[in-house]
Amino acid sequence: MSSQLAILNQWVQEVAALTEPDQIRWCDGSESERRELEALMVENGDLLPLNPDTHPDCFLHRSDPSDVARVEHLTYVCTRHADDAGPNNNWMAPDEAHQKMDALFKGCMRGRTLYVVPYCMGPIDSPYSRCGVEITDSPYVVVNMRIMTRMGAPALARIERDGRFVRGLHSIGELDPARRFIMHFPQELMIQSYGSGYGGNALLGKKCHALRIASWQARQEGWLAEHMLIVGIENPAGETHYVAAAFPSACGKTNLAMLIPPETHQGWKVWTVGDDICWLHPGPDGRLYAINPESGFFGVAPGTGRKTNPNAVATLNHDAIFTNVAVTEDNRPWWEGLSDETPATDWQGRDYDPANGPAAHPNSRFTVSMRQCPSFTDQADNPAGVPISAIIFGGRRESLVPLVFEARDWRHGVLVGASMASETTAAATGAVGVVRRDSMAMKPFCGYNFADYFGHWLSFDERLQNLPRIFHVNWFRKGDDGKFLWPGFGDNLRVLQWILDRCAGKAEAEETPIGFLPRREDLDLRGLEKLNGALDTLLTLDREGWRRELDEIGGYLNSFGDRVPEALRSEQQRVRASLG
Ligand code: OXD
Ligand code: MN
């Protein structure tokens, strides 16, 4: 046995001694293992088979009703010094956190199976990929990890070669919100999660490893781990350019990653590389190269329909796991926005009654391999990643923020990302619809002090010759009547077209204090003549509103204290001064 496998084996034995499972199972990621676990869960009621004619090999999982979203207030970053976690994270001293978690894990797997799940985040043969091992007592987690990561034997072989891996220990515990914690120990490359089976809390490769731990590693090693989709846009001349875009949870990353061009845009194609997480590495030519560390989508179901995201709907008709959706009379998965039908049963398994609220939970999800997506590109398996031409930040802002603007340079772009704000959604527990600052859409996911993170972003200016340009978009602006002003979805391609033309030096814009704004003649709006008046609101700078915004941004930066890089403060002051 190699030394790495001996270390892994020893850790598994230590965890088993603490958690006392009935048996230990090393997962190989095979099809037969998947079938066996699915059958086990069907038998014990954890999975319900869906209609085999319309949705072969699809299952419904109903979670505990108190366990339906990420729990940011129970998620901690346990660095030796509190300042390293920063005000953007909950912090606990590592010793205290270990004690607390050991007490929870003690004997928690009695009567259960301990699964050992080796996984690789990113293409197995990419130098940018990183491995981990999750120990869990949940077969639901195992089958989801099989979809979301490169899991099993090839990952184990890579761990042997790499000589290191992130350790993740997970137990669903009693699913008691009072005994629920998601702890990160970046200095030990370790994650411990107890008391939740929900994706973002339990599939440890995703938010815990690929964002919180990876962002820490990325800072040390000179790359970026980001909450971004990756999409390729092919123009009618057959050239494909890639963009990475950061939006907070449930703000349309999956829809943008799978966009279908509008009818006016014959000859354009959109290629999906990733819909949630992006690791960006400096390449030999001074550009940033992106890989998607995941291999599946864990997407928000409600709002996904034939009009809004036909590619997602086509992805979901076989081999998918649905969590907390409703079902129709003939046992098909259903959620608000899918069709005009009335479901038979809601997400809690009750007969559907509109008086009980939405039929599908607002944060109900699908888990599915990205390979099933009609717009999937095998560039997602390219070990070298894809070169990024533009980085896009965006949030849900019903007022103030224009449809699109371009930062004037990298430093300004970092300020634009750092000052992002968005209305909260159902992806995390807590109030929905409250505007909060969510720098780079990483507020819940950055594994270290945001002030240091901003500094790390700024440092790329010196490291790289051909940095992507940085843009900000807002698809969610509303008019006085409360309706969205921009049609969104496929029509967002028009904005991406302008963005890529700007990168190629082919599109005009007007310079304003907040950056470069397109005039209406700079955008390809063929077929959208009806938008007329809305465009004035979408493309105009509200100086007074932006003065207030910049003042607020100044206050927000101050909340991170002395560690905030001077360059970022002076950039905020520059933009504020230029607004008069
Ligand atoms: C997600 C999230 O699940 O951001 O992707 O919450
Ligand atoms: Mn996400």
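The values are calculated or read from the model by the stated rules, or taken from the named source; none is laboratory data. Bear in mind that the values here come from a model prediction, so they are computed numbers and not experimental data. So basically every Cβ, Gly included, is an ideal-geometry build from the backbone, and we count neighbours across all protein chains shown. Protein only, heavy atoms only, side chains kept; ligands, DNA and RNA dropped before computing areas. Shrake-Rupley method; radii C 1.70, N 1.55, O 1.52, S 1.80 Å.
Within region 349-388, the residues that satisfy the criterion of being surrounded by fewer than 21 Cβ atoms within 10 Å (Cβ to Cβ), over 23 Å from L316 (Cβ atoms) and touching a Pro at 6+ places or on another chain (Cβ under 8 Å) are N382, P383. Among all residues of region 296-303, there is at least one that is free of Cβ contacts under 8 Å to residues at least 60 places away in the same chain and either within 26 Å of G197 (Cβ to Cβ) or within 16 Å of ligand 2 (Cβ to nearest atom) (or both). When residues in region 171-207 are screened for being within 16 Å of ligand 2 (Cβ to nearest atom) and in a helix (DSSP H, G or I), 7 of them pass.
For (1) in contact with a Lys or Arg (Cβ under 9 Å, 6 or more places away or on another chain); (2) basic (K, R); (3) touching a residue at least 40 places away in the same chain (Cβ under 8 Å), each residue gets a yes or a no:
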| position | (1), (2), (3) |
| --- | --- |
| A384 | no, no, yes |
| V401 | yes, no, yes |
| A421 | yes, no, no |
| R436 | yes, yes, no |
| S439 | no, no, yes |
| M442 | no, no, yes |
| G447 | yes, no, yes |
| L458 | yes, no, yes |
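Scanning region 79-86 for any residue that is outside the structural domain of G195 (by TED's automatic domain parsing) and among the polar types (S, T, N, Q) turns up nothing. Scanning region 424-477 for residues that are open to solvent by less than 10 Å² (accessible area, probe 1.4 Å), among the aromatic types (F, W, Y) and assigned to a loop (DSSP other than H, G, I, E, B) yields F445, Y448.
The number of residues in region 544-564 that are closer than 17 Å to L458 by Cβ, outside any helix (DSSP H, G or I) and either out of contact with any Phe, Trp or Tyr (no Cβ under 6 Å at 6 or more places or on another chain) or hydroxyl-bearing (S, T, Y) (or both) comes to 1. For region 260-279, the candidate set comprises residues that are among the hydrophobic types (A, V, I, L, M, F, W, C) and surrounded by fewer than 24 Cβ atoms within 10 Å (Cβ to Cβ); within that set, the residue that is farthest from ligand 1 (Cβ to nearest atom) is W268.
Conditions (1) open to solvent by less than 30 Å² (accessible area, probe 1.4 Å); (2) in contact with an Asp or Glu (Cβ under 7 Å, 6 or more places away or on another chain); (3) farther than 29 Å from K307 by Cα, marked per residue:
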site: F489; (1), (2), (3): no, no, no
site: V495; (1), (2), (3): yes, no, no
site: E508; (1), (2), (3): no, yes, yes
site: E511; (1), (2), (3): no, no, yes
site: A534; (1), (2), (3): yes, no, no
site: G555; (1), (2), (3): no, no, yes
site: P565; (1), (2), (3): yes, no, yes
site: V575; (1), (2), (3): yes, no, yes
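Listed here are the residues, each with its yes/no results for (1) assigned by TED's automatic domain parsing to the domain that holds R150; (2) more than 13 Å from ligand 1 (Cβ to nearest atom); (3) open to solvent by less than 10 Å² (accessible area, probe 1.4 Å).
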residue	(1), (2), (3)
S171	yes, yes, yes
D176	yes, yes, no
M183	yes, yes, yes
A202	yes, no, yes
H209	yes, yes, yes
I213	yes, yes, yes
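Among residues of region 557-570 that are assigned by TED's automatic domain parsing to the domain that holds Y448, those with a beta-carbon under 8 Å from a residue that is of a type in the set (V, I, T) at least six positions away or on a different chain give the pairs L557/V564; N558/V564; L568/V414.
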